[in-house]
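A.B. asks: Have a look at this one.
The values are calculated or read from the model by the stated rules, or taken from the named source; none is laboratory data. What you see is a predicted model; the values in this text were computed from it and never measured. Methodologically, a virtual Cβ is constructed for each residue, glycine included, from the backbone with ideal geometry; neighbour enumeration extends over all protein chains shown.
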Amino acid sequence: MTSHPLLSVAEVPAVEPYLRTVGEVFRVFREQDSGCVSCGVQLPDGERWFVKEATTAAAQTSLDRAWAFHQAVRHPAIVPQPHRIAVADSGRTAAVMPWRHGESLYGPARARFHALPLASVLRAVDRVLDAHLAVEAAGMVAVDLYDGAFLYDFGGDLLHLIDLDEYRPGPFVLDADRLPGSARFMAPEEWYRGSVIDIRTTVYALGRSARLLLDGGERRAWRGTAGQLAVLERATRTDPAERFAGVREFMEAWRAAV
Ligand SMILES: Nc1ncnc2c1ncn2[C@@H]1O[C@H](COP(=O)(O)OP(=O)(O)OP(=O)(O)O)[C@@H](O)[C@H]1O
Ligand SMILES: [Mg+2]
């Protein structure tokens, strides 16, 4: 195998300067809430990559989780992490991911997404659910899923899942006052120390996600049917026991309603 400037390098003294020696850094994402700094870099062969580096201890914990998650879960919708680069003498790493064309639906692109033909939106919802079948099969649960994880390629009419860095093996007992996440997507149990976080918590986050993809954040703007809305209401019941038992059951009910 010929050596690759990103996929074959084990360690670098500093990430951004290194990227500038191997290609053109065409985007930099600084000052993210996560404590990561990410770069879009284009190599001389024209290939584009997204390199996400932890700059704090908390960010490194999150990148370590992300690494474990991507080792366990592969799906065409989930942007993979085929490699990570160690940053010398820091205990930190940078994750290497293929660059995906698209816009975050956490932002102005959400309105544009809402104006797409319904078939495109339903396809996007299906793709999110399908990806979470793989998450479920790997024994992982969603944490911190929100619209920032949805990168939509308007040209290719395709949704990509990014930043699933807090996903982890489940079920688990919450040993903090709350989980990280956006309140709109978080199940009630995510707010209580000692509660069990399991695949029904994931079902809740997926129900909220489908809701958002179909109403653009405005309840009155709901584009689905009453039957679909009933499925999402069941997915987002306060009591986890009243929700679907898992992603597959949710997906079957959803598909039956579509
Ligand atoms: N593989 C990718 N290809 C292209 N762009 C990407 C890719 N992954 C992420 N991005 C872009 O970079 C932004 C930041 O990525 P990401 O959310 O993973 O970083 P983060 O440090 O966790 O940020 P935040 O703290 O906001 O969650 C995304 O909103 C998206 O616009
Ligand atoms: Mg993030």
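A.B. asks: Quickly run through segment 72-120 and pick out the residues that are acidic (Asp, Glu) and not in a loop (DSSP other than H, G, I, E, B).
C.D. replies: Result: GLU103, single match.
A.B. asks: Can you report the number of residues in segment 93-106 which are of a type outside the set (A, V, I, L, M, F, W, C), within 21 Å of SER62 (Cβ to Cβ) and within 16 Å of ligand 2 (Cβ to nearest atom)? Step through it out loud before you land on a result.
C.D. replies: First, pick out the residues of segment 93-106 that are of a type outside the set (A, V, I, L, M, F, W, C): 93, 98, 100-104, 106.
Narrowing further to those that are within 21 Å of SER62 (Cβ to Cβ): 93, 98, 100, 104, 106.
Still in the list and also within 16 Å of ligand 2 (Cβ to nearest atom): 93, 100, 104, 106.
Counting residues in segment 93-106 that are of a type outside the set (A, V, I, L, M, F, W, C), within 21 Å of SER62 (Cβ to Cβ) and within 16 Å of ligand 2 (Cβ to nearest atom) gives 4.
A.B. asks: Has segment 123-138 got at least one residue that is in a loop (DSSP other than H, G, I, E, B) and either touching a residue at least 60 places away in the same chain (Cβ under 8 Å) or outside the structural domain of ASP215 (by TED's automatic domain parsing) (or both)?
C.D. replies: There is at least one residue in segment 123-138 that is in a loop (DSSP other than H, G, I, E, B) and either touching a residue at least 60 places away in the same chain (Cβ under 8 Å) or outside the structural domain of ASP215 (by TED's automatic domain parsing) (or both).
A.B. asks: For segment 144-258, which fully contained helices (runs of 4 or more DSSP H) count at least 1 residues that are in contact (Cβ under 8 Å) with a residue 60 or more places away in the chain and among the small types (Gly, Ala, Ser)?
C.D. replies: 199-215
A.B. asks: Which numbered condition trips up VAL25, out of (1) surrounded by fewer than 16 Cβ atoms within 10 Å (Cβ to Cβ); (2) of a type in the set (Val, Ile, Thr); (3) within 15 Å of ligand 2 (Cβ to nearest atom)?
C.D. replies: It fails just one condition, (3).
A.B. asks: Among the listed residues VAL231, VAL203, identify the single one that is modelled with pLDDT of 95 or more, more than 24 Å from LEU174 (Cβ to Cβ) and either assigned by TED's automatic domain parsing to the domain that holds ALA109 or buried (at least 20 other Cβ atoms within 10 Å of the Cβ) (or both).
C.D. replies: Result of the check over VAL231, VAL203: VAL231.
A.B. asks: Give PHE150, PHE172, PHE154 a once-over and let me know the one that is within 15 Å of the chain's Cα centre (by Cα), of a type in the set (Phe, Trp, Tyr) and either at pLDDT 95 or above or surrounded by 21 or more Cβ atoms within 10 Å (Cβ to Cβ) (or both).
C.D. replies: Unique residue meeting the criteria: PHE150.
A.B. asks: Does ASP130 count as surrounded by fewer than 21 Cβ atoms within 10 Å (Cβ to Cβ), out of contact with any Ser or Thr (no Cβ under 8 Å at 6 or more places or on another chain) and over 26 Å from ALA59 (Cβ atoms)?
C.D. replies: yes
A.B. asks: Tell me which residues, restricted to segment 40-64, are over 20 Å from the mean Cα position of the chain (by Cα) and small (Gly, Ala, Ser).
C.D. replies: Residues satisfying the conditions are GLY46, ALA57.
A.B. asks: Sticking with this one: Against the definition (away from ligand 2 (no atom under 16 Å from the Cβ) and surrounded by 15 or more Cβ atoms within 10 Å (Cβ to Cβ)), how does ARG20 come out, yes or no?
C.D. replies: Here the answer is no, as ARG20 does not meet what is asked.
A.B. asks: Report, by residue number, each residue of segment 22-47 that is out of contact with any helix residue (DSSP H, G or I) (no Cβ under 9 Å at 6 or more places or on another chain) and within 8 Å of ligand 1 (Cβ to nearest atom).
C.D. replies: ARG27, PHE29, ASP33, SER38, GLY40
A.B. asks: Sticking with this one: Does LEU159 satisfy being in the same structural domain as ALA241 (by TED's automatic domain parsing), more than 11 Å from ligand 1 (Cβ to nearest atom) and either surrounded by fewer than 17 Cβ atoms within 10 Å (Cβ to Cβ) or among the hydrophobic types (A, V, I, L, M, F, W, C) (or both)? First the steps, then the outcome.
C.D. replies: Values: in the same structural domain as ALA241 (by TED's automatic domain parsing): yes; more than 11 Å from ligand 1 (Cβ to nearest atom): yes; either surrounded by fewer than 17 Cβ atoms within 10 Å (Cβ to Cβ) or among the hydrophobic types (A, V, I, L, M, F, W, C) (or both): yes.
Here the answer is yes, as LEU159 does meet what is asked.
A.B. asks: Continuing with the same structure: Taking the condition of being surrounded by 19 or more Cβ atoms within 10 Å (Cβ to Cβ) and in contact with a Pro (Cβ under 8 Å, 6 or more places away or on another chain), how many residues in segment 177-200 meet it?
C.D. replies: 5
A.B. asks: Determine whether segment 17-27 contains at least one residue that is of a type outside the set (Gly, Ala, Ser) and under 22 Å from the mean Cα position of the chain (by Cα).
C.D. replies: Yes, that holds for at least one residue.
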